[in-house]
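Read the structure below first, then the notes.
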Amino acid sequence: MRKSLVQDVDFPAEMNGTAPLVRRLIQDRFGVTFSERGVRHLLYRLGFACTRSTYTLAKADPEKQAAFCETFEKQRQRLLQGDIDHILFEDESMIRDYQAIGRTWFPKGQQKVIPTYGKHWGDKLLGILDYESGDILCRHATQYDAKEFLDFLQEIVAHYPGERLVLILDNARIHHAKLIQPFLADHRETLTLLFLPPYSPKLNPIEGLWGWLKSSVIYHVFFKSVQAIIAAVDTFLATISQDPMTIIDRLCVRI
């Protein structure tokens with residue numbers, strides 16, 4: 001079995017495989033001395049790549065995810081056949097300005113310096129993404145509770161008057177609240193909720209919107225107020241909404 005952790009090859013205090021560690025391993029095991037550059041070339045020739053790791057949610061259930069994908073495909077076919085009018089993906093996100101440092105280009109010797117204000121601001125968002133059209137609808141919130149979610153459901157239905165909607169969302173508590181049940185009963189002919197399997201953010205394309213928004217709006221800047229963040233978020237959403245095909249190509253081909 002291939003060993004994947006550096007702890008497995010006699011470096012118990014190390015978690016990150018690096019060229020210097022591989023150089024030491026080769027020297028200790030085989031008595032052969034390489035330069036670090038030589039080690040990197042050797043690893044490339046052996047088919048290794050120096051890339052970032054990625055996360056997966058350990059509690060995710062592949063069988064439930066596969067079953068959801070089958071259910072989604074049935075809904076997609078209903079959309080193509082005209083049995084429903086829209087498939088919408090819903091989620092919430094907190095846009096915090098302290099997620100502010102990322103890589104960017106600047107002239108050598110002129111590293112960008114970002115003023116801070118000693119406070120951290122945030123903008124709570126509820127949003128939907130239309131799978132077919134790329135339409136985005138977002139709502140700013142003061143808190144995440146059942147009342148706010150009910151208000152958003154009312155806004156969604158008003159945005160698509162009389163149309164048949166399938167709303168795909170996660171299993172957050174507010175999405176199952178008693179407060180929203182009478183509204184769902186009153187709109188059962190036009191609004192269907194379809195819940196994602198637990199721990200499955202990769203099956204929700206609007207998650208990509210939040211990452212896109214954050215990298216575009218809050219990297220390399222701290223905002224003086226929540227209102228400033230809200231204005232920047234609204235400008236970003238209005239700008240990308242002018243080109244829905246870019247939204248579709250970037251976000252809606254994930255499933």
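The values are calculated or read from the model by the stated rules, or taken from the named source; none is laboratory data. It should be emphasised that the depicted structure is a prediction, and the values quoted were computed from it without experimental measurement. When we count neighbours, we look across all protein chains shown, and the Cβ atoms used for this are built from the backbone with ideal geometry, even at glycine.
Observations, loosely collected:
- Taking the listed residues 236, 223, 195, the one that is more than 14 Å from residue 130 (Cβ to Cβ), surrounded by 14 or more Cβ atoms within 10 Å (Cβ to Cβ) and touching a residue at least 60 places away in the same chain (Cβ under 8 Å) is 223, with no other qualifying.
- Scan of the stretch 60-79 for residues that are more than 16 Å from residue 195 (Cβ to Cβ) and loosely packed, with under 10 Cβ neighbours inside 10 Å, ordered by number: 62
- Single residue of 66, 100 found to be in the same structural domain as residue 203 (by TED's automatic domain parsing) and at pLDDT 75 or above: 66
- Some residue of the stretch 176-183 being surrounded by 18 or more Cβ atoms within 10 Å (Cβ to Cβ) and touching a Leu at 6+ places or on another chain (Cβ under 6 Å): yes
- Pairs with Cβ under 9 Å, 6+ apart, first in the stretch 173-187 and modelled with pLDDT of 95 or more, second in a helix (DSSP H, G or I) and polar (S, T, N, Q): 183/154
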